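So the structure is just underneath, and the comments pick up after that.
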Amino acid sequence: MSKNNSTSKHIIILGGGFAGLWAAKELGKKGQYQVTVIDRNNYHLFQPLLYQVASAGLEPEQISYPLRGTFRKMPNVEFRMAEVTGLDLDHKALITDVGRIKYDGLIIALGSVTNFFGVPGAKKYAFSLKNAEDAIDIRNHILSCFEYAQYESDPDLRNQLLTFTVVGGGPTGIEYVGALAELVHTSLRRDFSELAKEDIKIILIEGEDEPLSGFPEKLQMYTMKKLEKLGVQGCYKQHVVQVDVDKVTLNSGEAIPTRTVIWTAGIRGNKVAERMGMPLGKAKRIITTPELNLADHPEVFVAGDIALPMDGDKLIPGPTVAPNAIQQGTLAAQNLANFFEDKELSPFSYFDKGSLATIGRSSAVVHLGKLKITGFFAWITWLIIHLLYLIGFRNRLIVLINWGFEYLLYERGVRLIMPKTKDTIPSEKTDEYDSSSIEGAALNKRSAE
């Protein structure tokens, strides 16, 4: 039964990510409003740990939590699973695959998708890392590459299967290459003992001079040295100009033979925003006032990665990270309530709580104001912060146990190729592989199916 009361203002929150969830928590304190959270999935996904699913360290359900369980103690908040297809701003109606839903106030927190910047072949052949399905596909693909490479007699194909490229040297890219390096040089090296260490290549492609652009130079230098120690090859000041099924080409003209391209180089606003008739700015994000609402429709607020707060022609700065989404979601809820109560709205100003990134086992970088920490203590700080923000006591406990198991035994427990949602070795044509080998024949067959 719906919790909605016909005499109350009805507020819809689009998206169950960080911005949407914190907006719902804020409005859950205000019983005079009836709140409906709409998302295509019935769970909140803790994206900062998604890379660990892609590197066989955690399972997706360990970093996810049911949205209905989150709202159970909020009598004025309900959840509805639906796919948003459009928005009728004039009639204050949301258009979904389950029909039109009327609202008095709206908070759009749909998040972002991967931005391939129009690079030819990137959308078709590169993996993105934005949701649980992406992470499972990457995990399946990495493990499948090793399964095929173990007995592959063609040296060129074997080289492609064992070369892994990650595009983008931001926190997500750095954390993933670090986790991938540990996976392939510990658990997978023991599982596939016939593969030589020197045959496995992990390559990070970054357009800037160093990884972690925006971090202090001390932390960037530490990151570079740590990556080198992990065996990660850095291609800095390089941009990808084309991705093919069997190689990635850089602006220098160099072509890297590979079957694996993981794209963490940038984001853009959720494509649903384009179908809503919203004012869009850089990277297809929705332009808002400093108070996070639309100038022409002040009852509509936007928060999280999809929001682009502007003060005239000036961008209000804020990184596309979880703390920013949480702060915007909270403020959007407060301002929407103030709008209904004819109170003054507050402009958004990002409070920087610091930046951090882990670089494999026992190593991380933390930037908190003037404090710059590296190594083991930074790693412990990273662990504690992520556990605190992870939703659900059971999830925190299981993740902590998994981390302890991995730390003590150098073992990744989720080395499973399941479920197979799509071909894990991308190919666009058949008879591409050497059919004289069993693995090549198998890949040809998979490509034809």
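Read the figures in this text as sums done on the coordinates, not as results from a lab. The structure displayed is predicted, hence computed values, not measured ones. Cβ coordinates were reconstructed from backbone atoms using ideal geometry, including for glycine residues, and neighbour counts include every protein chain displayed.
Taking every pair of alpha-carbon atoms in segment 284-340, give the share separated by more than 16 Å as a whole percent.
On the way: 552 of 1596 pairs.
Summing the P(r) of segment 284-340 above 16 Å gives 35 percent of all pairs.
Relative to the present Cα-Cα distance, how much length would full extension add between D209 and L383 at 0.36 nm per residue of separation?
59.8 nm
Want the number for D311 to D342: 0.36 nm per residue separation, take away the alpha-carbon distance, what's left? Write out the running numbers ahead of the final one.
Details: separation 31, 0.36 × 31 = 11.16 nm, distance 2.16 nm.
This chain segment gains 9.0 nm when fully extended.
How tilted is helix 393-409 with respect to the longest principal axis of the chain? Cα atoms for both, answer in degrees (0 to 90, nearest 10).
Helix 393-409 and the main axis of the chain meet at about 20 degrees.
For segment 1-152, what relative contact order do you get, as a whole percent, if you take Cα pairs closer than 8 Å and at least 6 residues apart? Walk me through the numbers on the way to the answer.
Details: 234 pairs, mean separation 42.0, N = 152.
It rounds to 28 percent for segment 1-152.
Rounded to the nearest angstrom and ordered from largest down, what semi-axes does the equivalent ellipsoid of segment 67-145 get from its C-alpha gyration tensor (root of 5λ)?
The answer is 34, 20, 10 Å, longest axis first.
Which distance in nm do the two modelled labels at R396 and Q150 give, with both placed 7 Å along the Cα-to-Cβ direction?
It is 3.9 nm.
May I ask you to derive the FRET efficiency for E133 and K271 from their Cβ-Cβ distance with R0 = 22 Å, giving the value to the nearest 0.05? Kindly include the intermediate steps, with their values, before the conclusion.
On the way: r = 16 Å, r/R0 = 0.74.
Taking R0 as 22 Å, the efficiency between E133 and K271 is 0.85.
What is the spin-label model distance, in nm, from K124 to I417 if the labels are put 7 Å beyond Cα along the C-beta direction?
Between K124 and I417, the label points sit 2.4 nm apart.
Give or take rounding to whole Å, what are the principal axis extents of the alpha carbon atoms in segment 256-383, in descending order?
Largest to smallest, the principal-axis extents are 51, 40, 24 Å.
What translational diffusion coefficient, in µm²/s and rounded to a whole number, does the Stokes-Einstein relation yield for segment 144-200 at 4 °C and a viscosity of 1.567 mPa s, taking the hydrodynamic radius as the Kirkwood radius over Cα pairs?
Details: Rh = 12.1 Å.
Stokes-Einstein gives a translational diffusion coefficient of 107 µm²/s.
What relative contact order, as a whole-number percentage, does segment 295-360 give when Cα pairs under 8 Å and 6 or more residues apart are counted?
33 percent
Considering only DSSP beta bridges whose two residues both sit in the chain, what percent are antiparallel, to the nearest 5?
Around 45 percent antiparallel, to the nearest 5.
May I ask you to compute the full-extension gain from K282 to K218, defined as 0.36 nm times their residue separation minus their alpha-carbon distance, rounded to one decimal in nm? Can you show the working numbers first?
Working: separation 64, 0.36 × 64 = 23.04 nm, distance 3.05 nm.
Full extension of this stretch gives 20.0 nm more.
Select from L227, L388, L195 the residue whose mean-square fluctuation is largest in a Gaussian network model of the chain (Cα-Cα springs shorter than 10 Å).
L388
For the pairs K225/K370; K247/K372; K25/K284, flag any whose C-alpha to C-alpha distance is greater than 29 Å.
Long pairs (Cα-Cα over 29 Å): K247/K372.
On a C-alpha basis, how far is the centre of segment 187-229 from the centre of segment 116-164 in Å? Whole number, if you could?
Rounded to whole Å, the Cα centres lie 17 Å apart.
Taking the alpha-carbon set of segment 1-141, what are its Rg and Dmax in Å?
Every Cα atom of segment 1-141 included, Rg and Dmax give 17.1, 53 Å.
Using only DSSP helix segments of four residues or longer, with each worth -39500 (n - 2.57), what per-residue ellipticity at 222 nm results for the chain after dividing by its residue count and rounding to 500?
Numbers: 13 runs with 142 residues, N = 449.
Computed mean residue ellipticity for the chain: -9500 deg cm²/dmol.
For segment 19-91, report the % of Cα-Cα distances exceeding 20 Å. Let's see the in-between values first.
Working: 1147 of 2628 pairs.
Tail fraction, whole percent: 44.
Where both residues lie in segment 1-78, what percent of DSSP beta bridges are antiparallel, nearest 5?
Numbers: 3 of 11 bridges.
Roughly 25 percent of the DSSP beta bridges within segment 1-78 come out antiparallel.
Once both labels are modelled 7 Å past Cα along the beta-carbon direction, what's the I95-L408 spacing in nm?
Output for this residue pair reads 5.7 nm.
Per the Kirkwood formula on distinct C-alpha pairs, the Rh of segment 173-212 is how many angstrom? Working shown, then result.
Numbers: mean 1/r = 0.0876 Å⁻¹.
In segment 173-212 this quantity evaluates to 11.4 Å.
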